[in-house]
Amino acid sequence: METLEPILAAHPFFAGMQPSHLELLAGCARDILFENDAIIFRQGQEAKLFYLISNGRVALQLFADRRGPLNILTLGEGDVLGWSWLFPTARWKFTARALETTRAISLDGKCLREKAEADHEFGFQLLKRFVLIIEERVQATSAKLLNVYER
């Protein structure tokens, strides 16, 4: 049986992670494919996973009652999709839609939270990486909203 560990090790998001931590990640990972225009997750739904995009493109959208979906950011190969799973009762902050057929590695949030609780160094390394993603998404959302409301 082939493991996803080499793919995780090669991803920039996990650069410098210890082999034992990559093994923990691989135990929570699986390969997944989204067809063009598929909804990967919806704003407000329970957040259970995150994704490493292998190829394809995904739009992060925010829904506004009067405007409909607003594209905040487009993600592609090498990007990380989703951070809301970090918190046990979390809900997605955005909707993610595949803009074309997209292959990704999905990682189970509950599985990772349990492993992080058992191995605090692993949890710290994971959290350090996600803080950067959260900051990037907050900045992208702020810039997009300023652009929308300045019109």
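The values are calculated or read from the model by the stated rules, or taken from the named source; none is laboratory data. Note that this is a predicted model, so its numbers are computed, not measured. Cβ atoms come from the backbone with ideal geometry, glycine included; neighbour counts cover every protein chain shown.
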- Message: Checking the conditions here, which among 62, 49, 99 is farther than 18 Å from residue 134 by Cβ, surrounded by 15 or more Cβ atoms within 10 Å (Cβ to Cβ) and touching a residue at least 60 places away in the same chain (Cβ under 8 Å)?
- Response: 99
- 3 or more residues at pLDDT below 95 and farther than 21 Å from residue 10 by Cα: qualifying strands (runs of 3 or more DSSP E) within region 50-151: 58-64, 68-75
- Expected output for region 1-12 (first residue on the phi < 0 side of the Ramachandran plot and touching a residue at least 24 places away in the same chain (Cβ under 8 Å), partner basic (Lys, Arg) and not in a loop (DSSP other than H, G, I, E, B), Cβ below 9 Å, 6+ apart or cross-chain) is 4/30
- Subset tally (residues that are more than 14 Å from residue 94 (Cα to Cα) and either in contact with a Ser or Thr (Cβ under 6 Å, 6 or more places away or on another chain) or exposed (fewer than 14 other Cβ atoms within 10 Å of the Cβ) (or both)) for region 128-138: 4
- By residue number, the members of region 30-59 that are more than 13 Å from residue 103 (Cα to Cα) and of a type in the set (Gly, Ala, Ser) are 44, 47, 59
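Check 119, 108 and return the single one that is surrounded by fewer than 18 Cβ atoms within 10 Å (Cβ to Cβ), more than 13 Å from the chain's Cα centre (by Cα) and charged (D, E, K, R).
Values: 108 fails: more than 13 Å from the chain's Cα centre (by Cα).
Answer to the check: 119.
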- Would you pick out the residues in region 1-38 that are of a type in the set (Ser, Thr, Tyr) and part of a helix (DSSP H, G or I)? 20
